[in-house]
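Beneath this line is the structure, given in structure tokens, with notes to follow.
The values are calculated or read from the model by the stated rules, or taken from the named source; none is laboratory data. What you see is a predicted model; the values in this text were computed from it and never measured. Cβ: placed from backbone, ideal geometry, glycine included. Neighbour counts: every protein chain shown.
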Amino acid sequence: MGPTLDQLRYLVALAEEGSFTRAAERVYLTQPALSVQIRKLEEALGTRLFDRRKGVLTEAGRVAVAQARRVLEEVERLKLLVRGEEACFQGPFRLGVIPTLAPYLLPHLLPRLKGAYPALALSVREELTPGIVRALLEGDLDAGLVGTEERHPGLRAEPLFAEAFWAYLAPGHPLSRKEAIHPLEIPLEDTWILSEGHCFRDQILSVCRPSLGGRSIEFQSGDLETLVRLVDAVGGLTLLPEVALWTLSPAQRARLRPLAPPGAGRTVYLLFREGSLKALLLRALAREAQGVFALLRQAAGVQESAMMGTEVGHDQT
């Protein structure tokens, strides 16, 4: 007998959980029963898929998992074709969001999505861009919100909105006298930045002028709020995306300065697999994210800049 759909689901669960115990709990089997099913699948395919001694997939197992995800996705596609469009807005949907977006966008975005689509089982995780790309390619995520245009075979990036970077200055900072700051006036040695691995860090490094010397305190954070507090307590400055400005107090917003000439900023993208079964949901997610950003921009009281709306899921000509 060939592999069954249930066995393919068990294999994917084992790959994602990395443990027979956790995978068995996830698929509502006992651990011995799951082990039997995986052995039957190995017998049907004629090769070992999981190294039980090391607790990892074999090379053949990794290939089988990738194909199993495709098969299961096609089964879901069949269900959607039979049940109609409303099925797109039901069941699990897994979203990855980069850390420089998650704490600002999600508190407003998630209630809107749940209110509009109550049958949707949302699962959201904060992840750096490389992790989101990897999870999308491996089928662990359905979509991602990222700050760079990622180009990978099988993935598609649709622009949602463009946002400028703003300089946030310590009280009494020399640049506070200026109404706007030229990027080349921003000294890297005076600027608090995110730690390595964040795309926002690379974007900031491309804006600031090269470092001319060391700083008295070296610290790299993975959190923009920490950088804001460091500016308040220690001095210097940091750069913030527009989406983060609404969390600042009125007194803190008074210490914001735009960059001039304008242009330093980023575009936020919705990243997903080409041919996604959730095309209608992806379009809805894009609209909701754009709407939330417009509200946050209004709440922050910053000047409006270009919004880049798009119809997600349609080829552009």
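Structure notes:
- Yes/no for Glu17 being surrounded by 15 or more Cβ atoms within 10 Å (Cβ to Cβ), among the charged types (D, E, K, R) and over 26 Å from the mean Cα position of the chain (by Cα): no
- In segment 73-93 there is at least one residue matching the filter, namely being touching a residue at least 12 places away in the same chain (Cβ under 8 Å) and closer than 29 Å to Asp223 by Cα.
- Taking first residues from segment 146-158 that are free of Cβ contacts under 8 Å to residues at least 60 places away in the same chain and partners that are surrounded by 18 or more Cβ atoms within 10 Å (Cβ to Cβ), the Cβ contacts under 7 Å between residues at least 6 apart in sequence or on separate chains come to His152/Val133.
- Scanning segment 80-94 turns up no residue that is modelled with pLDDT of 90 or more, surrounded by 12 or more Cβ atoms within 10 Å (Cβ to Cβ) and assigned to a helix (DSSP H, G or I).
- Segment 168-196 residues that are within 24 Å of Pro250 (Cα to Cα), paired with ones that are aromatic (Phe, Trp, Tyr) and part of a loop (DSSP other than H, G, I, E, B) (beta carbon under 9 Å, 6 or more apart): Trp192/Phe219
For every residue, the table says whether it meets (1) closer than 17 Å to Leu270 by Cβ; (2) touching a helix residue (DSSP H, G or I) at 6+ places or on another chain (Cβ under 7 Å).
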position: Val56; (1), (2): no, no
position: Ala66; (1), (2): no, no
position: Val71; (1), (2): no, yes
position: Arg77; (1), (2): no, no
position: Val97; (1), (2): yes, yes
position: Leu101; (1), (2): yes, yes
position: Arg125; (1), (2): yes, no
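Yes/no matrix, rows are residues, columns are (1) surrounded by fewer than 14 Cβ atoms within 10 Å (Cβ to Cβ); (2) assigned to a loop (DSSP other than H, G, I, E, B):
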| residue | (1), (2) |
| --- | --- |
| Leu141 | no, yes |
| Gly144 | no, no |
| Pro153 | yes, yes |
| Arg156 | no, no |
| Pro159 | no, no |
| Ala162 | no, no |
| Tyr168 | no, no |
| Leu184 | yes, no |
| Val207 | no, yes |
